[in-house]
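Asks: Encoded as structure tokens, here's the structure I'll be asking about.
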Amino acid sequence: MKQFIYADNAATTQLSKDAFEAMIPWLLDEYGNASQPYSFARKPKKALSDAREGIAECINAMPEEIFFTSGGTESDNWAIKGSAFADPDKRVTITSAFEHHALLYSCKAIERYGYPVIYLMPTTDGIITTETLIGTISNTTRLVSVMYANNEIGTIQPIKELCDVAHSHGALFHTDAVQAVGHVEIDVQELGVDMLSASAHKFNGPKGIGFLYIRNGTTLLPYADGGTQESRYRAGTENIASIVGMVTALKENCTNLNRNMAHTQSLEHKLLKSLCESHIPFVHNGGDNTLPGLLSLSFAGADGEAILHRMDLMGISISTGSACDSVNTEISHVLKAISINDSLAKGTIRISLGKYNTEADVHAIVAALKKLLKPKP
Ligand code: PLP
């Protein structure tokens, strides 16, 4: 039988069995609309409020600060558009040049309406420094939005420090933590952020569900008008099954956070070590402080696209860069932003290991790379 190794966990993750099982009753039996007043709605209503509490607990928030969305893209759109249009006197948004397209294209949209956006450049190690932000921020800045961890190179940003700078200039702070929630510890009180985006399918929950954390007292326009759901900020009948799946997956990952981190970090170290021993020359992008298990590797003179397809033929799923952008084969905006040269950028792949990966997977990945890339004599 052909092997199958999934090493693209930054694109999406396998649904946890417990999350799947927790969803079933809400699809088949308890399908009542949580907003209705009759007794058949009581259980879904309770499941909704329990889920809100459960999610809040995982990130040290208050339940009423959790707003369910359809995922990371919607949460990012809401944070950017909902804050830009909320205050005509403070019209400037500051973000980084290497955000996910959900964030960048939301910024492009507000620019079309005449709201200026400033794009901060990261260091070559993939960090947005406080100095860069201090050099740009002013009292016309409405929002600073910097991702918690980059989805292509994994670098973790100094969010608390950046957030302090934003607040000292009277600006709000949002972070796209889609790659981080459920994988590293997230404490919104400790970070001080006003808004935070998350997506269930990145932490072994179902697809099409996520949340936006909005700190109590933050002025933000509603995302969708209609019914009274989500305190009238995001109307639409709640997707109870997916919400229950999401909270089950998040609790599971948060309970096992240290063990999962140790596991993926150890797989990552093993992969790097055996790649070094194989004498294949490579560059590991993103500096030292990266998400556990996420590896951006560049092979000078190679073709990342070709590596991806040849590994696929061997039954191994990896990525060249952002999975949300597999149609666009240009050099990724993230690699451009960290100024790596064109030859390395073209030869870049992303391997993202998750909690279900094994040492055997790592051996198979390195063996495949050895077949495809010439070791140095
Ligand atoms: N933000 C980041 C950093 C991501 O990696 C992704 C997905 O790859 C998204 C946002 C979009 O999330 P979703 O797929 O839930 O819309």
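Residues checked against (1) touching a helix residue (DSSP H, G or I) at 6+ places or on another chain (Cβ under 7 Å); (2) on the phi > 0 side of the Ramachandran plot:
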residue	(1), (2)
212	yes, no
227	no, no
235	yes, no
243	yes, no
248	yes, no
260	yes, no
273	no, no
281	no, no
286	no, yes
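Asks: What residue, among those in segment 95-112 that are part of a helix (DSSP H, G or I) and within 12 Å of the ligand (Cβ to nearest atom), is surrounded by the fewest Cβ atoms within 10 Å (Cβ to Cβ)?
Replies: Step by step, filter segment 95-112, then rank; the result is 105.
Asks: Within segment 188-196, identify whether any single residue is in contact with a helix residue (DSSP H, G or I) (Cβ under 7 Å, 6 or more places away or on another chain), within 12 Å of the ligand (Cβ to nearest atom) and closer than 26 Å to residue 304 by Cβ, and answer yes or no.
Replies: no
Asks: So which of 56, 34, 41, 47 ends up being surrounded by fewer than 23 Cβ atoms within 10 Å (Cβ to Cβ), in a loop (DSSP other than H, G, I, E, B) and small (Gly, Ala, Ser)? Step through it out loud before you land on a result.
Replies: Details: 56 fails: in a loop (DSSP other than H, G, I, E, B); 41 fails: in a loop (DSSP other than H, G, I, E, B); 47 fails: in a loop (DSSP other than H, G, I, E, B).
The conditions single out 34.
Asks: Does segment 239-261 contain at least one residue that is within 16 Å of the ligand (Cβ to nearest atom) and without any contact (Cβ under 8 Å) to a residue 24 or more places away in the chain?
Replies: So far as segment 239-261 goes, no, none of its residues is within 16 Å of the ligand (Cβ to nearest atom) and without any contact (Cβ under 8 Å) to a residue 24 or more places away in the chain.
Asks: Could you grab the pairs with beta carbons closer than 6 Å, sequence gap of 6+ or different chains, first residue in segment 334-362 and in contact (Cβ under 8 Å) with a residue 40 or more places away in the chain, second one among the basic types (Lys, Arg)?
Replies: Qualifying pairs under 6 Å: 362/270.
Let's see how each residue does on (1) part of a loop (DSSP other than H, G, I, E, B); (2) closer than 28 Å to residue 297 by Cα; (3) in the same structural domain as residue 194 (by TED's automatic domain parsing):
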| position | (1), (2), (3) |
| --- | --- |
| 119 | no, yes, yes |
| 126 | yes, yes, yes |
| 136 | yes, no, yes |
| 139 | yes, no, yes |
| 143 | no, no, yes |
| 147 | yes, yes, yes |
| 152 | yes, yes, yes |
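Asks: Given the conditions (1) among the charged types (D, E, K, R); (2) crowded, with 22+ Cβ neighbours inside 10 Å; (3) within 16 Å of the ligand (Cβ to nearest atom), which single one is not true for residue 207?
Replies: Single failed check for residue 207: (2).
Asks: Please work out which residue is surrounded by the most Cβ atoms within 10 Å (Cβ to Cβ), limiting yourself to segment 160-195 and to residues that are charged (D, E, K, R) and under 15 Å from residue 212 (Cα atoms). Even if it seems obvious, please write down each step before you answer.
Replies: As a first pass, look at segment 160-195 and keep what is charged (D, E, K, R): 160-161, 164, 176, 185, 187, 190, 194.
Going one step further and asking which of them are under 15 Å from residue 212 (Cα atoms), we end up with 176, 187, 194.
Numbers: 176: 30, 187: 13, 194: 27.
Among residues in segment 160-195 that are charged (D, E, K, R) and under 15 Å from residue 212 (Cα atoms), the one surrounded by the most Cβ atoms within 10 Å (Cβ to Cβ) is 176.
Asks: Kindly establish whether residue 33 is closer than 30 Å to residue 258 by Cβ, of a type outside the set (Gly, Ala, Ser) and modelled with pLDDT of 95 or more.
Replies: It is false that residue 33 is closer than 30 Å to residue 258 by Cβ, of a type outside the set (Gly, Ala, Ser) and modelled with pLDDT of 95 or more.
The values are calculated or read from the model by the stated rules, or taken from the named source; none is laboratory data. This is a predicted model, so every value here is computed, not measured. Cβ: placed from backbone, ideal geometry, glycine included. Neighbour counts: every protein chain shown.
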